[in-house]
Amino acid sequence: MGSSMMTRLRIVPLALGLALASQLGYLPLVLVVVSASLIPLGIGVPAVIGSVAMCRWFADLHRGVAGSLLGRDVPRPYRPIQREDKWLARFRIAGGDPATWRDLCWLVANTVVGLVTNLLVVVLLLGGLFYVTMPVWWPSLPPGSDVGNIGLFRVRTEGDTLWMVLLGVGVWIFWLWITPRLMWLNAMVTASLLGPTETEVVNAKLTTRVTQLSESRAVSVDTHAAELRRIERDLHDGAQARLVALGMSLGMAEETVDDNPEAAKQLLSEAREATTSALAELRSLVRGIHPPVLADRGLEGALQALALASPANVKVAIDVPGRPPEPVESAVYFAIAEALTNTAKYSGAENVWLRLSYSDGKLVAVVGDDGRGGASVEPGGGLHGLERRLAAFDGTLLVTSPLGGPTVVFLEVPCTLTPA
């Protein structure tokens, strides 16, 4: 009760300020009307733009207050005006913006709603105080005074003032109940008129989503191109070079087999070694594209294999009731593999933990270690590469790594699972 009372008492100065501000709203409203009437004289266009800017500044203050009362942001719904735009262009943008007209409607509505809702908060509190303290000040009133008489209640004796104390307590109880509701009503009126409409919210979400998809596609294309360049480089520098050497060794063996069988045997032995090395590099290249263990044993088995191959002590906990799509599975596998590799190289950790779960339509992986910490996502770094790889699937990466550790890497990728 005490905490509730203090919370509402802190609201009273705000309510009083909003009640006064509701009447100050007449000023920008009158400025807009007067400025509009001056348009035929030529000075009206810049005057309208200035008065509209004042309205928007005034509305921004109330958006901030309404957002704090509602516990959410109330976005600005205005169409953008560029500094390089000329006066006439600014006038057209502001005049054609529905949010400008909603601001003017709010200024009119707030002079009534803002005044009544906020003033009631103050009046009810002071009214309760008036009646609770009546036994103290009533005896000092001149005989026959009507102060304190309301409706059916008549205060004629000091004993009657005690009933007024009960009335004051009742008013305070009502004040405690209605204060947050009055403030919520005022904030909702402000948010509904000063915030974006449902259509504007949907359009903004669509615009944001299109931007995200464009960025994801660009990241996916860049990642794919980088993978192709890596494969081409590995083939050119590794397997292709060994196969060329193999062809040369076989050609030389063919030329010397009759004249120098021992040299031919040596060349054939080198050719066999080159064949073995080329096959090993090809297998390594294939594993880099899609590991066989991932195809054979699924993500859980592949991660268990990664944990066993790690030089650190990796504790694995997996709770995924199904199998994600193959591209997502591959991306998550390589991301976790990269995280474990970074841990082994740079963290100096003795213990590593890996958790994989699925909730709310997202595959969530956590890789942590007790190493030295200090890891960060920097352009061109390994963690930045993980972030870009996951972004192609609308995935996210978060790294917390204070100096001294621990380092924790969070991965989230939205996907649907198929039964295992």
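Laid out as a table, the results:
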read-out	value
Identity of the residue in the stretch 385-417, aliphatic (A, V, I, L, M) and touching a residue at least 60 places away in the same chain (Cβ under 8 Å), that ends up nearest to ASN342 (Cα to Cα)	VAL409
Residues within the stretch 53-69 that are small (Gly, Ala, Ser) and over 20 Å from the mean Cα position of the chain (by Cα), tallied	3
Qualifying residue in the stretch 95-112 (condition: closer than 30 Å to TRP175 by Cα, of a type in the set (Asp, Glu) and in a helix (DSSP H, G or I))	no
Test: residue in the stretch 291-303 that is surrounded by 13 or more Cβ atoms within 10 Å (Cβ to Cβ), out of contact with any Asp or Glu (no Cβ under 8 Å at 6 or more places or on another chain), at pLDDT below 80 and closer than 30 Å to GLY247 by Cα	yes
Members of the stretch 313-329 found to be of a type in the set (A, V, I, L, M) and open to solvent by 20 Å² or more (accessible area, probe 1.4 Å), listed by number	VAL314, VAL316, ALA317, ILE318, VAL320
Residue check, GLY368 more than 21 Å from GLN304 (Cβ to Cβ) and not basic (Lys, Arg)	no
THR400, sole failed condition from (1) farther than 19 Å from ARG355 by Cβ; (2) within 21 Å of the chain's Cα centre (by Cα)	(1)
Number of positions in the stretch 34-64 that are at pLDDT 85 or above, aliphatic (A, V, I, L, M) and surrounded by fewer than 13 Cβ atoms within 10 Å (Cβ to Cβ)	1
Selected residue (criterion: surrounded by the most Cβ atoms within 10 Å (Cβ to Cβ)) from residues of the stretch 345-379 that are in contact with a Leu (Cβ under 6 Å, 6 or more places away or on another chain) and farther than 19 Å from GLU329 by Cα	GLY373
So ALA317, is it outside any helix (DSSP H, G or I) and at pLDDT 75 or above	yes
Residue within the stretch 12-26 that is surrounded by 15 or more Cβ atoms within 10 Å (Cβ to Cβ), of a type in the set (Ser, Thr, Tyr) and farther than 24 Å from THR197 by Cβ present	no
Of all residues making up the stretch 402-419, the number that are assigned to a loop (DSSP other than H, G, I, E, B) and in contact with a helix residue (DSSP H, G or I) (Cβ under 8 Å, 6 or more places away or on another chain)	2
Output for the stretch 93-115, where each listed residue is small (Gly, Ala, Ser) and surrounded by 19 or more Cβ atoms within 10 Å (Cβ to Cβ)	ALA94, ALA99, GLY114
Some residue of the stretch 381-396 being more than 14 Å from LEU299 (Cβ to Cβ) and part of a strand (DSSP E or B)	yes
Any chance GLU227 is at pLDDT 75 or above and either of a type in the set (D, E, K, R) or outside any helix (DSSP H, G or I) (or both)	no
Residues located in the stretch 305-338, provided they are more than 24 Å from THR416 (Cβ to Cβ) and small (Gly, Ala, Ser)	ALA305, ALA307, ALA309, SER310, ALA312
Scan of the stretch 65-92 for residues that are open to solvent by 50 Å² or more (accessible area, probe 1.4 Å), part of a helix (DSSP H, G or I) and modelled with pLDDT of 85 or more, ordered by number	SER68, LEU69
Of the criteria (1) at pLDDT 80 or above; (2) surrounded by fewer than 16 Cβ atoms within 10 Å (Cβ to Cβ); (3) not in a strand (DSSP E or B), which one VAL332 fails	(2)
Residue count, the stretch 27-46 (criterion: free of Cβ contacts under 8 Å to residues at least 12 places away in the same chain and either within 16 Å of TRP101 (Cβ to Cβ) or among the basic types (Lys, Arg) (or both))	1
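Okay, residues lined up against (1) out of contact with any Lys or Arg (no Cβ under 9 Å at 6 or more places or on another chain); (2) on the phi > 0 side of the Ramachandran plot; (3) without any contact (Cβ under 8 Å) to a residue 12 or more places away in the chain:
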site: GLY301; (1), (2), (3): yes, no, yes
site: PRO311; (1), (2), (3): yes, no, no
site: PRO324; (1), (2), (3): yes, no, no
site: TYR333; (1), (2), (3): yes, no, no
site: ILE336; (1), (2), (3): yes, no, no
site: ALA339; (1), (2), (3): yes, no, no
site: GLY348; (1), (2), (3): no, yes, no
site: LEU354; (1), (2), (3): no, no, no
site: LEU383; (1), (2), (3): yes, no, no
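The values are calculated or read from the model by the stated rules, or taken from the named source; none is laboratory data. Quick caveat: nothing in here was measured; it's all calculated off a predicted structure. Cβ: placed from backbone, ideal geometry, glycine included. Neighbour counts: every protein chain shown. Accessible surface is based on the protein model in full, side chains and every heavy atom, while ligands, DNA and RNA are left aside. Shrake-Rupley method; radii C 1.70, N 1.55, O 1.52, S 1.80 Å.
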